[in-house]
1. Test Glu42 against the criterion of being surrounded by 13 or more Cβ atoms within 10 Å (Cβ to Cβ) and either touching a Leu at 6+ places or on another chain (Cβ under 9 Å) or in a loop (DSSP other than H, G, I, E, B) (or both), and give yes or no.
2. Regarding the stretch 133-141, can at least one residue be identified that is modelled with pLDDT of 85 or more and among the acidic types (Asp, Glu)?
3. Can you tell me which residue is farthest from Arg146 (Cα to Cα) among those in the stretch 99-132 that are modelled with pLDDT of 90 or more and β-branched (Val, Ile, Thr)?
4. Here is a check on your reading of the model: is Thr116 polar (S, T, N, Q) and either exposed (fewer than 15 other Cβ atoms within 10 Å of the Cβ) or in contact with a Phe, Trp or Tyr (Cβ under 6 Å, 6 or more places away or on another chain) (or both)?
5. Go through (1) in contact with a helix residue (DSSP H, G or I) (Cβ under 6 Å, 6 or more places away or on another chain); (2) open to solvent by 60 Å² or more (accessible area, probe 1.4 Å); (3) of a type in the set (Gly, Ala, Ser) for Gly98 and report which single condition fails.
6. If you take the residues of the stretch 123-146 that are in contact (Cβ under 8 Å) with a residue 60 or more places away in the chain and either among the small types (Gly, Ala, Ser) or open to solvent by 70 Å² or more (accessible area, probe 1.4 Å) (or both), which of them is farthest from Leu9 (Cα to Cα)?
7. Looking for whichever is closer than 30 Å to Phe164 by Cβ, assigned to a helix (DSSP H, G or I) and not polar (S, T, N, Q) here; the options are Leu35, Leu96, Leu107, Leu7. Which one fits?
8. Starting from the stretch 28-41, take each residue that is of a type in the set (Ser, Thr, Tyr) and list its partners that are at pLDDT below 95 and in a helix (DSSP H, G or I), counting only C-beta distances under 7 angstrom and pairs at least six apart or across chains.
Amino acid sequence: MKWIGVLLLISMSTALGWEWGKALKQRPKHIQLLLQSLQILEAEMVYSQVPLQEAFYVISDKLRGPVAAFYQELAGELENKEKDFNDIWKASARRLVGQSSLQKSELEILLQFGRTLGQHDIEQQQKHLKLTNIYLEEQWKNATERFQTYGKLSNVLGLLCGIFLALLFI
């Protein structure tokens, strides 16, 4: 019975290490998808000059994963004219962070961008888009470095912690 517990402890800590490594690996990808979505949004706003709701549908069709679901949700929520856009953006951004590997720093960038979205003329909006891109690119660099530093380490660390705890309990 003791050995079953030891094996369970080791396997659970290893699984936790793999999940941590998976989150580290997914974060740069999700930030990259956000950067792509902002490029598409800029093109739709500046060149096509479509309303935000249509732009969000276009983005959700062109991307995948939680970022596509984020824009799909935004577009759907904009059909409800009773809600304030800023409230819709905040709630959707928080859900996006909860459903993806994005962190609080990306949430803050998204919330800051959401406050300006649709509030200015095209030229000012382009400036806000570029500024948001700069912030997200910095986060992407940090996330990539963090994955390269801790990605493989997390898998090994989970296994070693499990073995250490098992030895303590034996």
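The values are calculated or read from the model by the stated rules, or taken from the named source; none is laboratory data. Keep in mind the model is a prediction, meaning the values are calculated, not measured. Positions of Cβ are backbone-derived with ideal geometry, glycine not excepted, and every protein chain shown enters the neighbour counts. Areas reflect the complete protein model, heavy atoms only, side chains present, ligands, DNA and RNA absent. Shrake-Rupley method; radii C 1.70, N 1.55, O 1.52, S 1.80 Å.
1. Working: surrounded by 13 or more Cβ atoms within 10 Å (Cβ to Cβ): yes; either touching a Leu at 6+ places or on another chain (Cβ under 9 Å) or in a loop (DSSP other than H, G, I, E, B) (or both): yes.
Against the criterion (surrounded by 13 or more Cβ atoms within 10 Å (Cβ to Cβ) and either touching a Leu at 6+ places or on another chain (Cβ under 9 Å) or in a loop (DSSP other than H, G, I, E, B) (or both)), Glu42 qualifies.
2. Just the residues of the stretch 133-141 that are modelled with pLDDT of 85 or more, to begin with: 133-141.
Filter once more, so that each one left must be among the acidic types (Asp, Glu): 137-138.
Yes, because at least one residue in the stretch 133-141 is modelled with pLDDT of 85 or more and among the acidic types (Asp, Glu).
3. Selected residue: Thr132.
4. Details: polar (S, T, N, Q): yes; either exposed (fewer than 15 other Cβ atoms within 10 Å of the Cβ) or in contact with a Phe, Trp or Tyr (Cβ under 6 Å, 6 or more places away or on another chain) (or both): no.
Here the answer is no, as Thr116 does not meet what is asked.
5. It fails just one condition, (1).
6. Here the answer is Glu137.
7. Working: Leu35 fails: closer than 30 Å to Phe164 by Cβ; Leu96 fails: closer than 30 Å to Phe164 by Cβ; Leu107 fails: closer than 30 Å to Phe164 by Cβ.
After ruling out the rest, the residue left standing is Leu7.
8. Pairs that qualify, where the first residue is of a type in the set (Ser, Thr, Tyr) and the partner is at pLDDT below 95 and in a helix (DSSP H, G or I), are Ser37/Ile59; Ser37/Val67; Ser37/Tyr71.
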